[in-house]
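Asker: Here's a structure for you.
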Amino acid sequence: MSAFLNDIGIFFTQSINWLGEVLDTVTGSPALTVMVLAMPICGFAVGLLGRLIRL
């Protein structure tokens with residue numbers, strides 16, 4: 001059981017490290033920031049507006 005919990009801890013630690021590297025890369029490049037943040041927000045707004053108009 002302790003080996004299993006140890007493996008889970010290693011997995012989550014590595015996942016957090018990987019997420020940090022990805023976020024550093026995205027925030028370091030303005031083009032990636034636009035693609036990762038602005039486009040999904042605009043898509044969400046357009047979809048929400050479309051649903052509101054159909055009501």
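The values are calculated or read from the model by the stated rules, or taken from the named source; none is laboratory data. Everything numeric here is computed off the predicted structure, so don't read it as measured data. Glycine gets a Cβ as well: all are built from the backbone with ideal geometry, and neighbour counts include every protein chain shown. For accessibility, only protein heavy atoms count, side chains too; no ligands or nucleic acids. Shrake-Rupley method; radii C 1.70, N 1.55, O 1.52, S 1.80 Å.
Asker: State which residue pairs qualify: first residue open to solvent by 60 Å² or more (accessible area, probe 1.4 Å) and inside the range 8-29, second residue outside any helix (DSSP H, G or I) and of a type in the set (Ser, Thr, Tyr) in any location, beta carbons under 7 Å apart, and separation of 6 or more residues or different chains.
Answerer: none
Asker: Does any residue of the range 37-50 turn out to be of a type outside the set (Asp, Glu) and under 12 Å from the mean Cα position of the chain (by Cα)?
Answerer: Here is the first cut: in the range 37-50, the residues of a type outside the set (Asp, Glu) are 37-50.
Now restrict to residues that are under 12 Å from the mean Cα position of the chain (by Cα): 37, 40.
Within the range 37-50 (the criterion being of a type outside the set (Asp, Glu) and under 12 Å from the mean Cα position of the chain (by Cα)), the answer is yes, since at least one residue qualifies.
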